[in-house]
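Q: Right, I'll just put the structure down here and ask away after.
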Amino acid sequence: MAAGGTVLERRGPIRGTLRVPGDKSVSHRALLLGALASGTSRITGLSAGLDVAHTRAIVEALGARTADLADGVEIAGGELHEASHVLDVGNSGTGIRLLAGLCAGLPFLSVLQGDSSIACRPMARVTEPLRAMGARIDGRDGGRLAPLVIRGGGLVGIDYTLPVASAQVKSAILLAGLHATGPTVVRERVPTRRHTEEMLRERGVRVETARWDEGEVITLTPGPLSAGEIAVPGDPSQAAFWICGAAALPGSDLVVEGLYLGPERTGFLPVLERMGADLDVDEDGGRVRVRGAELHGTVVTGQELPDLVDEVPALAVAAALGTAGELDIRDAAELRAKESDRIATTAEMLTALGGSVETGPERLVVRAGTPLRPGEVRSHGDHRIAMAAAIAGLATGRVTIDDVACVATSYPGFLTDLAAVSAS
Ligand code: S3P
């Protein structure tokens, strides 16, 4: 590692009561739907992360007007126009894929680009169905990689079966479908987070979910979108770092409040329970209490993956801090297409701290029982690797992270919260 990096010297247990930032997935969608709806929407609890800030700047460039309020953000939408410049999503895969769908429906040119991680992430998964709807899209490698150049408008609804379990792809197609002629149908073999469907319904759009032979089918009928109010709940994916750490660190006693605990977002909780975690989950109240326990291993299947796809680095740390067994995450090729290749970067992070890890093309196995030791970790600019390393550092008392500033992608107050719930 290059000289430098940030040295964190904090120790577990994790104790206290926390509220985590507003959910990132819901925040992106709140801005996009607010931009599309005629009238003024008010969003409270919006994520303060850089990803969402990029999406806010983009909807402004497309003609939405936003203003900070004491308790949130106001957004006036409905009259979008061609932006005068390239739209920069920063590090956000959700941003670029959802915006690709939104821009595909708008009758003008949009150019979407992002940082060096975005430039490597697969885009054919959105450009193919959006082209099938009639959008004219170009990009590097024939539209498989960003930047993406989108000439939108004139769309027709399609009936599309998702080849990968991805809420981003589903959402891109549904957002495009808002401006298509005729209904848009998306079929999922494995369910993924449902925020887009839920939020579109709340704004008066007809979105129906039913069973089909192989899973679920979502049908959107285009129609006007109403402006409205939304209170963004706390992000379970951010809470996962604290919950996984507290579950494995002896003496921990943590409460996280105000969380979204809806469908397809909380798969890490049953996995932790299978590993022996001491959890008390109040779904209706959005509250999780966790106390430290001796954890052991379990198997996570591909069917479970979308429900915990962002929580793997945190779960891997919990497994490495366990007392026995192994966490065996299978059919997980999608992890290689995240902000970093998370099979490789999670393994590298734990190995740097003395953990015992094995990887395969689609597999990550983390063995318990090898005590972690202080070490130097490369985050690869991936916010979730940096946060997972910081949590692992609570067991060793010291961890050096080359780039910890990347936590601001989703959780600018992470280090403040780390100081609040751990000991020096
Ligand atoms: C997200 C979907 C997931 C997740 C991402 C947020 C969303 O991505 O990893 O952080 O808001 O729709 P995929 O759709 O690529 O699985």
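Q: When the residues of the stretch 177-231 are narrowed to those that are part of a loop (DSSP other than H, G, I, E, B) and within 15 Å of the ligand (Cβ to nearest atom), which ends up surrounded by the fewest Cβ atoms within 10 Å (Cβ to Cβ)?
A: Filtering the stretch 177-231 for residues that are part of a loop (DSSP other than H, G, I, E, B) and within 15 Å of the ligand (Cβ to nearest atom), the one surrounded by the fewest Cβ atoms within 10 Å (Cβ to Cβ) comes out as Arg189.
Q: When you scan the stretch 257-268, how many residues do you find that are in contact with a strand residue (DSSP E or B) (Cβ under 6 Å, 6 or more places away or on another chain) and surrounded by 24 or more Cβ atoms within 10 Å (Cβ to Cβ)?
A: 1
Q: While we're here: Which one of Val73, Val89 is at pLDDT 95 or above and within 16 Å of the ligand (Cβ to nearest atom)?
A: Testing whether each residue is at pLDDT 95 or above and within 16 Å of the ligand (Cβ to nearest atom) leaves just Val89.
Q: Looking at Thr44, Thr40 in this structure, which one is away from the ligand (no atom under 16 Å from the Cβ) and closer than 27 Å to Pro306 by Cα?
A: Thr44
Q: Kindly establish whether Pro122 is part of a loop (DSSP other than H, G, I, E, B), touching a residue at least 24 places away in the same chain (Cβ under 8 Å) and out of contact with any helix residue (DSSP H, G or I) (no Cβ under 7 Å at 6 or more places or on another chain).
A: When the stated conditions are applied, Pro122 does not pass them.
Q: Still on this model: Quick one: count up the residues across the stretch 6-33 that are more than 16 Å from the ligand (Cβ to nearest atom) and modelled with pLDDT of 95 or more.
A: Pass one, the stretch 6-33, residues more than 16 Å from the ligand (Cβ to nearest atom): 6-19.
This time we only want the ones that are modelled with pLDDT of 95 or more, so: 6-11, 13-19.
Adding up the residues that qualify gives 13.
Q: Considering only residues that are under 23 Å from Gly397 (Cβ atoms) and of a type in the set (Lys, Arg), which ones fall in the stretch 321-372?
A: Residue satisfying the conditions is Arg367 alone.
Q: With (1) under 30 Å from Ala231 (Cβ atoms); (2) of a type outside the set (Val, Ile, Thr); (3) without any contact (Cβ under 8 Å) to a residue 24 or more places away in the chain as the list, and Asp138 as the residue in question, which single condition is left unmet?
A: Looking at each condition in turn, Asp138 falls short on (1).
Q: Still on this structure: Check whether at least one residue in the stretch 100-108 is more than 16 Å from the ligand (Cβ to nearest atom), in the same structural domain as Ala37 (by TED's automatic domain parsing) and in a helix (DSSP H, G or I), and report yes or no.
A: Yes, some residue in the stretch 100-108 is more than 16 Å from the ligand (Cβ to nearest atom), in the same structural domain as Ala37 (by TED's automatic domain parsing) and in a helix (DSSP H, G or I).
Q: For the stretch 122-169: of the residues being more than 11 Å from Ala100 (Cα to Cα) and touching a Leu at 6+ places or on another chain (Cβ under 6 Å), which is least open to solvent (accessible area, probe 1.4 Å)?
A: Selected residue: Met133.
Q: Report yes if Thr94 is farther than 30 Å from Ala247 by Cα and either outside the structural domain of Asp417 (by TED's automatic domain parsing) or within 13 Å of the ligand (Cβ to nearest atom) (or both), otherwise no.
A: For Thr94, the condition - farther than 30 Å from Ala247 by Cα and either outside the structural domain of Asp417 (by TED's automatic domain parsing) or within 13 Å of the ligand (Cβ to nearest atom) (or both) - is not met.
Q: Keeping to the stretch 310-358, report how many residues are touching a residue at least 40 places away in the same chain (Cβ under 8 Å) and assigned to a helix (DSSP H, G or I).
A: 16
Q: Do we have Gly93 as surrounded by fewer than 16 Cβ atoms within 10 Å (Cβ to Cβ), small (Gly, Ala, Ser) and in contact (Cβ under 8 Å) with a residue 12 or more places away in the chain here? First the steps, then the outcome.
A: Values: surrounded by fewer than 16 Cβ atoms within 10 Å (Cβ to Cβ): no; small (Gly, Ala, Ser): yes; in contact (Cβ under 8 Å) with a residue 12 or more places away in the chain: yes.
So Gly93 fails the test.
Q: Moving on to the next point. Could you please find all residues in the stretch 1-17 being open to solvent by 10 Å² or more (accessible area, probe 1.4 Å) and in contact with a strand residue (DSSP E or B) (Cβ under 8 Å, 6 or more places away or on another chain)?
A: Correct list: Met1, Gly5, Thr6, Val7, Leu8, Arg10, Arg11, Gly12, Pro13, Arg15, Gly16, Thr17.
Q: Still on this model: Does Leu174 meet the test of being open to solvent by less than 40 Å² (accessible area, probe 1.4 Å), in a strand (DSSP E or B) and under 28 Å from Val86 (Cβ atoms)?
A: no
The values are calculated or read from the model by the stated rules, or taken from the named source; none is laboratory data. Only a predicted model underlies this, so the values are computations on that prediction, with no experimental measurement involved. With ideal geometry, Cβ positions are generated from the backbone for all residues, glycine too; neighbour counts draw on all protein chains shown. Only protein heavy atoms, including side chains, enter the accessible area calculation; ligands, DNA and RNA are left aside. Shrake-Rupley method; radii C 1.70, N 1.55, O 1.52, S 1.80 Å.
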